[in-house]
Each structure stands twice: as C-alpha cells, then as structure tokens.
Amino acid sequence: MSGQNAVTPSPEGIAESIKAANTRGIPPVHAWNPPFCGDLDMRIARDGTWFYLGTPIQRPELVRLFSSILKKEGARYYLVTPVEKVGISVDDAPFVAVDFEVGGQGDAQVMTFETQVGDLAVAGPDHPIRVERDAETGEPSPYVHVRAELEALIDRKSFYRMVELGTHRDGWFGVWSSGAFFPIIPSRELEAD
C-alpha cells in the first residue's frame, strides 16, 4: 500500500480543489499533470448545457468554474486540478459561441466571439475559424478556437451574422478577422444555388 488515500472524484471535490488552488482567470491546466482518477458522469451537450448524472447543472458560476479547468488530450476531455484528473464526455465542442462583436471592415475586420461561459476569442491566426460540413446533408458546423485545443461551436444566429460579413477570395467565400481569411464554402457552390 502506498499510504495515499484513494480519491473518488465528485463535482464538489473538484470545485473545492480548484478554489483551494486560488487562481485568478483561467488556471494553468496545461501545466498540471495529476493522476487520472476515473470518469465522471458529466456531459456537455451540443448546445453548451452541462449535465451531471443526467441533470442540467443550473448554477452558471459552477459551470464557469468547471469550464476553466477543462483540458483536451487527444480526443478526450478532462476536468483537471492540481491533484486530480477526471474524464467527461463532450457531444461536439465544449463551448458555444453565442455572440460576437465586429470592428473594422474588409481585411482589417476583427471579430471577437463570446462563449456561453463568458470566454472571449478574437478570431485570427491564434484563434482560427473553421467550418465542417456534414458529408450527407452539406450542413455547416462552424467553430472558433478558444484556447488550448478547445473550440466553440458558433451558434446559428451568429453564423448567419458572420456570413453577412463574408466576401469572396481565391475561389472561396469566407470572412476576414485579424488579418486572416477564413474560408466557409467554395464560391462555385454558392453560385450554383
């Protein structure tokens, strides 16, 4: 026996661990490498709703706290504290971009997205926008990088607003932000519709 106590992960224990770490802003989860303690019955739905044991978490401040310690390793998502790491499931992306502000025009345009938990991401080379299309339906799923391999699904209303700002370049229809052009759809496909 190693003399260490076994850790049983729970949302309350995770919240207490992160509060005890006394960090301001987003904790340095990239620097934390605690032992894996198992999976937690926690899920982030495609619409950004967090569930624990099948029930939506109703406290926004608790969701914000959990989102601040979210980490992606390979294809898996974890909540990480200095002393434990627990697996959770994510239906699509862990965040949803629910709105954005735009400044400037043309290639000087800057788009700043806000997630459902209050994170901001200024789209550009460090926070690219990408659009995946369903192979069968062609339905677009747009994403913006938020931080450390974590993305936000851009909600429908924001995507439609974003498309209104689009332009054609090198055979693609897309948007500019922070000096970078992000393709959405080939121009020839728009012309065919």
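The values are calculated or read from the model by the stated rules, or taken from the named source; none is laboratory data. All of these numbers come straight from a predicted model, not from anything done at the bench. Ligands, DNA and RNA are stripped out before the accessible areas are found, and what is left, the full protein with its side chains, is counted by its heavy atoms. Shrake-Rupley method; radii C 1.70, N 1.55, O 1.52, S 1.80 Å.
Could you calculate, for segment 98-193, the ratio of the Cα radius of gyration to the Kirkwood radius, expressed as Rg to Rh? The partial results should precede the final answer.
Numbers: Rg = 12.9 Å, Rh = 13.6 Å.
With Rg and the Kirkwood Rh in hand, the quotient comes to 0.95.
In sequence order, segment 160-171 has phi-based couplings of 4, 5, 4, 4, 4, 8, x, 8, 9, 7, 6, x Hz under the Karplus curve 6.51 cos²θ - 1.76 cosθ + 1.60, θ = phi - 60°, and Gly or Pro positions carry x. Note that the chain shows a convex hull volume over its alpha carbon atoms of 144 Å³ per residue.
You can think of it this way: the chain between Arg130 and Glu61 has 21.9 nm of extra reach, that is 0.36 nm per residue less the Cα-Cα gap. Calculated [222 nm] ellipticity per residue, helices only, for the chain: -5000 deg cm²/dmol; basis is -39500 (n - 2.57) per DSSP H run with n ≥ 4, divided by all residues, nearest 500. Ratio of Rg to Rh for segment 39-137: 1.02 [Cα atoms; Kirkwood radius as inverse mean 1/r over pairs]. By accessible area, using a 1.4 Å probe on protein heavy atoms only, the chain has 50% of its surface on carbon and sulfur. For the residues Ile154, Ile26, Ile44, a GNM of the chain with alpha-carbon springs under 10 Å puts the largest fluctuation on Ile26.
Against the criterion of solvent-accessible heavy-atom surface with a 1.4 angstrom probe, Lys71, Lys157 sort, most first, into Lys157, Lys71.
In sequence order, segment 178-189 has phi-based couplings of 6, x, 10, 9, 10, x, 10, 8, x, 4, 4, 6 Hz under the Karplus curve 6.51 cos²θ - 1.76 cosθ + 1.60, θ = phi - 60°, and Gly or Pro positions carry x.
Probing with 1.4 Å while keeping every protein chain in the model, the per residue accessible area of the chain equals 56 Å². One chain, two ends: Ala75 and Leu120. Fully extended at 0.36 nm per residue, the span grows by 13.9 nm beyond their Cα-Cα distance.
For segment 75-83, backbone phi angles converted through the Karplus equation (6.51, -1.76, 1.60; θ = phi - 60°) give residue-by-residue couplings of 9, 9, 10, 9, 9, 10, 10, x, 10 Hz, Gly and Pro being listed as x. Extension gain for Asp107-Tyr160 works out to 17.2 nm (0.36 nm per residue, less the C-alpha to C-alpha distance). Structure remark: mean-square fluctuation, Gaussian network model of the chain, C-alpha springs under 10 Å; the largest value among Gly38, Gly74, Gly87 belongs to Gly74. Within the listed set Ala108, Ala45, Ala93, the Gaussian network model of the chain (springs between alpha-carbon atoms below 10 Å) gives the highest mean-square fluctuation for Ala108.
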